[in-house]
Amino acid sequence: MKIAGFDIGGANTDLAVVDFDDQGNITGIKTDFEYFPMWLKKDELGDALIRLLGDDLKDVDAVGICMTAELVDAYKTKREGVIDIAKKSKEAFPVPVGFIGVNGVLNFEELVERPDEVAAANWIATSKIAAEIEENCVMIDTGSTTTDIIPIKNGSECAKGRSDLERLKTGELVYSATLRTNLAAIVDKVPLGDDWVRVSSELFAATADIHTVLGNITEEDYSCSTSDGAGKSKEECMRRISRVICGDMDMLSESDIEKIAAYIYKRQAEKVAEALLEVCERENLTKVVTTGLGMDIVGAKAAEVAGLESKGMDTILKKEECVVAPAVGTALMIRDSLKD
């Protein structure tokens with residue numbers, strides 16, 4: 001049996017095609033992703049899903065969908081977004097399509113009745129994998145845009161928040177991640193020589209720029225668009241960072257930019273660590289499982305800052321599979337739903 005799991009985000013759509021034997025054991029995983037800004041291209045979603053699946057389209061037995069793209073401002077409400085994304089996904093494939101919700105897998109008709117259950121529920125799928133590593137832990141999944149911080153007890157997620165709004169209250173969602181976070185959302189001042197300089201709140205640079213400058217990510221990892229439409233080299237990233245304090249590379253040295261980038265990275269890790277500690281202390285959990293594009297850069301670093309033991313999901317998945325862990329988890333949940 002072959003199942004395709006998609007994680008449809010606002011900026012990226014991820015895919016995991018998972019092969020299972022007759023007993024339901026995994027025999028192979030193939031992954032891919034595409035930068036696909038839903039705020040611009042939502043009407044092209046069906047074609048994008050088919051394009052991503054490629055030659056596997058003729059072989060898949062079922063498709064699973066989890067999503068966070070319903071929040072993009074191309075939709076007036078999350079309900080509208082969930083139903084539109086689900087409709088386009090269902091129409092794209094001639095096989096059964098299931099949707100991940102906070103209470104399990106739904107079919108299309110159930111989703112139309114209860115769209116709020118499906119909105120931004122991709123963390124449900126990822127937590128299933130984390131629970132295989134540690135039955136009692138906090139999963140921290142850092143992607144391109146957000147960081148999910150999900151408590152797991154006795155092998156089951158026990159998040160207090162069931163929606164993004166609720167999870168922002170409970171510390172289980174932080175809008176800070178590897179690529180797309182506005183640097184001005186992390187700091188209000190940065191060091192420059194012996195002084196501290198306030199930052200501009202314009203979207204001049206994002207976390208992908210500081211992580212490129214610091215060598216935390218490669219140019220290939222920098223999958224989103226840049227804030228100025230220019231390239232993704234270290235020099236171009238430095239130029240964008242210089243604008244955050246209304247400067248340029250005539251006014252600032254490479255050393256200045258590297259120190260600014262290092263400080264912003266430190267503050268990012270501290271902010272994520274604050275939320276991580278809030279969840280760990282509330283739930284009396286001490287172990288952390290990291291995953292996502294930023295599993296080492298942000299997740300493990302935040303655990304270190306918080307003084308917590310962590311291990312990566314790459315203990316059971318390959319690194320590239322961890323980057324699309326919600327898509328992998330979605331395929332696993334569809335497998336289980338087909339058994340029932």
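The values are calculated or read from the model by the stated rules, or taken from the named source; none is laboratory data. Because the structure is predicted, anything quoted here is derived from the model rather than measured. As a convention, Cβ positions derive from the backbone with ideal geometry for all residues, glycine included, and neighbour counts pool all protein chains shown. Just so you know, the surface numbers come from the protein's heavy atoms only, side chains and all, with ligands and any DNA or RNA stripped out. Shrake-Rupley method; radii C 1.70, N 1.55, O 1.52, S 1.80 Å.
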What is the calculated FRET efficiency for Thr27 to Asp194, with r their C-beta to C-beta distance and R₀ = 51 Å, to the nearest 0.05? 0.30
Cβ charges +1 (Lys, Arg) and -1 (Asp, Glu), total dipole of the chain, debye: 540 debye
Arg51, Arg335, Arg240, Arg267, reordered so the largest accessible area comes first (probe 1.4 Å): Arg51, Arg267, Arg335, Arg240
Strictly over 27 Å apart at the Cα level, which of Lys88/Lys160; Lys76/Lys128; Lys128/Lys287; Lys90/Lys271 would you flag in this model? Lys88/Lys160; Lys76/Lys128; Lys90/Lys271
Whenever you get a sec, compute what percent of the accessible area on the chain sits on carbon and sulfur atoms (1.4 Å probe). 46 percent
Answer with one residue from Ile334, Met313, Pro191: the one whose Cα lies farthest towards the positive end of the charge dipole of the chain, charges on Cβ with Lys, Arg +1 and Asp, Glu -1. Pro191
Mean-square fluctuation maximum in Gaussian network of the chain, Cα pairs under 10 Å, restricted to Val102, Val272, Val289, hits Val102
Under Stokes-Einstein, with the Kirkwood radius over Cα pairs standing in for Rh, what whole-number D in µm²/s applies to the chain at 25 °C and 0.890 mPa s? 121 µm²/s
Remind me, relative contact order of region 134-306 in percent, using alpha carbon pairs under 8 angstrom and six or more residues apart? 30 percent
Tell me, what is the per residue accessible area of the chain in Å², probe radius 1.4 Å? 44 Å²
On Cα atoms only, tilt of 122-133 relative to the major axis of the chain in degrees: 90 degrees
Glu80 accessible area, 1.4 Å probe, all protein chains in place, Å² to nearest 10: 80 Å²
Rounded to the nearest 20 debye, what is the charge dipole size of region 1-126 about its Cα centre when +1 sits on each Lys and Arg Cβ and -1 on each Asp and Glu Cβ? 300 debye
Obtain the nm distance between the two label points defined at Ser225 and Asp47 by a simple spin-label model: each point lies 7 Å from its Cα along the Cα-to-C-beta direction. 1.7 nm
Over the chain, what is the relative contact order in percent, taking alpha-carbon pairs closer than 8 angstrom and at least six residues apart? 20 percent
Angle check, please: helix 234-244 long axis (alpha carbons) against the longest principal axis of the chain (alpha carbons), in degrees 0 to 90, nearest 10. 70 degrees
Can you bin every Cα-Cα distance in region 208-340 into 5 Å intervals starting at zero and give me the percent of pairs per bin, rounded to whole numbers? 2, 10, 15, 15, 16, 15, 12, 8, 4, 2, 1, 0, 0
Please express the Cα-Cα pair-distance distribution P(r) of region 134-306 as a list of whole percents, one per 10 Å bin, running from 0 to the bin with the greatest distance. 11, 38, 30, 16, 5, 0
Selected from Asn154, Gly292, Gln23, residue furthest toward positive end of dipole (the chain; charges at beta carbon): Asn154
